[in-house]
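Where a number appears in this text, it was derived from the coordinates with a stated rule and is not lab data. In this text, all values refer to a predicted model and were calculated from it rather than measured experimentally. Quick reminder, even Gly has a Cβ in these numbers, built from the backbone with ideal geometry, and neighbours come from all protein chains shown.
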Amino acid sequence: MRIPYAVALPLGLPGSVALLFGSLVGATDPVAVTAVLNEMALPARMIIIPEAESLVNDGMAITLYTGFSELGTPGGAGVAGLGELFLREVLLGLASGNEKGPEDWPLGHPTARR
């Protein structure tokens, strides 16, 4: 998070704007990651981890942006609201992943031996 502060503070912008900027530029592009990995002709087991990580980073960036935009507005939710948003997003993600089930995972369960 050094880069957002390096951009915002010299311009006299508040720290909440730096955090908001960091959430915007911090995400990886999952489509670009997938395209690069597919060009490398790697085995599927080696591709799935970076693809999944880039998708998780994208979802995290959306959650951070939503929360940090609340921090920067008058009467916004505050830090407690940001924690509540994060917890709600994690629990909803776990519930939906559990509903989908490991049988639908593209390579089976991650701990399964191949």
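If R0 is 25 Å, the Cβ-Cβ spacing of Ala41 and Ala6 corresponds to a FRET efficiency of close to 0.05.
Extension gain for Leu55 to Val90 (0.36 nm times residue separation, less C-alpha to C-alpha distance): 11.2 nm.
Of the peptides 18-24, 7-13, the order by per-residue mean of other Cβ atoms within 10 Å, starting with the highest, comes out as 18-24, 7-13.
Legend: translational diffusion of region 2-104 by Stokes-Einstein, Rh = Kirkwood radius over C-alpha pairs, 4 °C, 1.567 mPa s; D = 82 µm²/s.
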